[in-house]
Amino acid sequence: QVQLVESGGGLVQPGGSLRLSCAASGSIFSFNAMAWYRQAPGKERELVAVIASGGSTNYPDSVKGRFTISRDNAKNTVYLQMNSLKPEDTAVYYCNSHPPMWSWGQGTQVTVSS
């Protein structure tokens, strides 16, 4: 079973940036598409970025042009660079495969507020 550990969240002002990291155990990491998801209070978990095993990426319109997903297969790590953050980006952020196959980690809280 793959274990996922997210980090890098915090409190940031609108317009600011954060870089999230997700470390995954297990050698199968490099063979899977990976993704970042987020869940705001009272809302369902939503997909915010996907990166295929070959490196192609996809984003919903809500974050396109502001968020960038990347991966380092040698380190079994996936990243999410978030720029021009907005209050509506406030949520707990999680990583998992795409579609999600593994148990969810604890997530990392991102709060965008002045």
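Details
- Karplus 3J(HN,Hα) series, Hz, for segment 87-94 with 6.51 cos²θ - 1.76 cosθ + 1.60 (x for Gly, Pro): x, 6, 7, 4, 4, 8, 9, 10
- Hits among aspartates and glutamates - C-alpha to C-alpha of Lys64 under 13 Å, sequence gap 8 or more where chains match: Asp89
- Evaluated over the Cα positions of the chain, the convex hull gives a direction-averaged projected area, one quarter of its surface, of 6.4 nm².
- The apolar share of the surface of segment 12-61, taken as the fraction of accessible area on carbon and sulfur atoms (1.4 Å probe, ligands and nucleic acids excluded), comes to 49 percent.
- Couplings 3J(HN,Hα) of segment 62-76, computed from phi: 5, 10, 4, x, 10, 10, 9, 9, 8, 9, 10, 5, 5, 9, 6 Hz, in residue order, whole Hz [Karplus 6.51 cos²θ - 1.76 cosθ + 1.60, θ = phi - 60°; x for Gly and Pro].
- Computed E for Gln13/Gln106 - FRET, C-beta separation, R0 30 angstrom, nearest 0.05: 0.75
- Relative to the current alpha-carbon distance between Ser114 and Ser53, full extension at 0.36 nm per residue lengthens the span by 18.3 nm.
- Across segment 10-16, coupling constants 3J(HN,Hα) worked out from phi with the 6.51/-1.76/1.60 Karplus curve, θ = phi - 60°, read x, 9, 9, 7, x, x, x Hz, and Gly and Pro carry x.
- The chain - accessible surface per residue (Å², probe 1.4 Å): 51 Å²
- Here the scattering of segment 1-44 is modelled by Debye summation over its C-alpha atoms, one equal scatterer each and no solvent; at q = 0.26 Å⁻¹ the log10 of I(q)/I(0) is -1.07.
- Relative protection proxy for 49-55, 106-112, 93-99, from highest mean packing down: 93-99, 106-112, 49-55 (other beta-carbon atoms within 10 angstrom).
The values are calculated or read from the model by the stated rules, or taken from the named source; none is laboratory data. What you see is a predicted model; the values in this text were computed from it and never measured. Cβ: placed from backbone, ideal geometry, glycine included. Neighbour counts: every protein chain shown. What goes into the accessible areas is simple: the full protein's heavy atoms, side chains included, and nothing from ligands, DNA or RNA. Shrake-Rupley method; radii C 1.70, N 1.55, O 1.52, S 1.80 Å.
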